[in-house]
1. So, of the residues in the stretch 137-169 that are in a loop (DSSP other than H, G, I, E, B) and buried (at least 23 other Cβ atoms within 10 Å of the Cβ), which turns out to be modelled with the lowest pLDDT?
2. How many residues does the stretch 43-58 hold that are buried (at least 20 other Cβ atoms within 10 Å of the Cβ) and more than 16 Å from the chain's Cα centre (by Cα)?
3. Looking for whichever is assigned by TED's automatic domain parsing to the domain that holds residue 35 and closer than 28 Å to residue 218 by Cβ here; the options are 79, 106, 100. Which one fits?
4. Please indicate, with yes or no, whether at least one residue in the stretch 156-163 is touching a residue at least 24 places away in the same chain (Cβ under 8 Å) and touching a helix residue (DSSP H, G or I) at 6+ places or on another chain (Cβ under 8 Å).
5. Could you look through the stretch 186-214, keep only residues that are surrounded by 18 or more Cβ atoms within 10 Å (Cβ to Cβ) and in a loop (DSSP other than H, G, I, E, B), and pick out the one that is modelled with the lowest pLDDT?
């Protein structure tokens, strides 16, 4: 099991070693100690490995992740798992703003709260937040799911496309073109699958959630909807 101490070696050396890994590597379990809030740790990975980080990380940790599992035993700064393609990112603390921004796939789990703009412009990722999320979350979200066990801040789902939002707590306000929608059996099944993937099967009842989605009024400009733009 390779281990890397960021108090003794530079972050670029760690990322260079991780980027050099091949698909058939035997070095599949990595431990990173003393991150001390450094930025872009374990960014740009493209191999089926697990990287466990012991401590708090800065901006864009696990950004552009592909295939890898990145486990953060602490809090994460801005843009954790930003532009993730596939794989799994688990923040075992709180996440700052723009968690999972523009991410195309994979699963992001935040054990604590996530700040503003969680899931902004998400394009297929599944995000599960066990706490609450801040304002403007899922802004212009195009595809994927955002599941929140706590509350949501102002302007949830503003200018939303086809992402599906499941919120168990209260929503301070909805953004432009975002509405509450009927929660049918097919949506409860989808939600259960996302909760199961996040290790919450049997702990949380899908029936406790409300579903939010696009009213589809902003897809094409129409003068009657001008005030909503």
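The values are calculated or read from the model by the stated rules, or taken from the named source; none is laboratory data. Please read all numbers here as calculations on a predicted model, not as lab measurements. FYI the Cβ positions are ideal-geometry reconstructions off the backbone, even for glycines, and counts take in every protein chain you see.
1. Among those residues, the one meeting the criterion is 160.
2. Of the residues in the stretch 43-58, the ones buried (at least 20 other Cβ atoms within 10 Å of the Cβ) are 43, 45, 49, 51, 53, 57-58.
Among the residues that remain, those that are also more than 16 Å from the chain's Cα centre (by Cα) are: 45, 49, 51, 53.
Number satisfying all stated conditions: 4.
3. Numbers: 106 fails: assigned by TED's automatic domain parsing to the domain that holds residue 35; 100 fails: assigned by TED's automatic domain parsing to the domain that holds residue 35.
The unique qualifying residue is 79.
4. Within the stretch 156-163, not a single residue is touching a residue at least 24 places away in the same chain (Cβ under 8 Å) and touching a helix residue (DSSP H, G or I) at 6+ places or on another chain (Cβ under 8 Å).
5. 204
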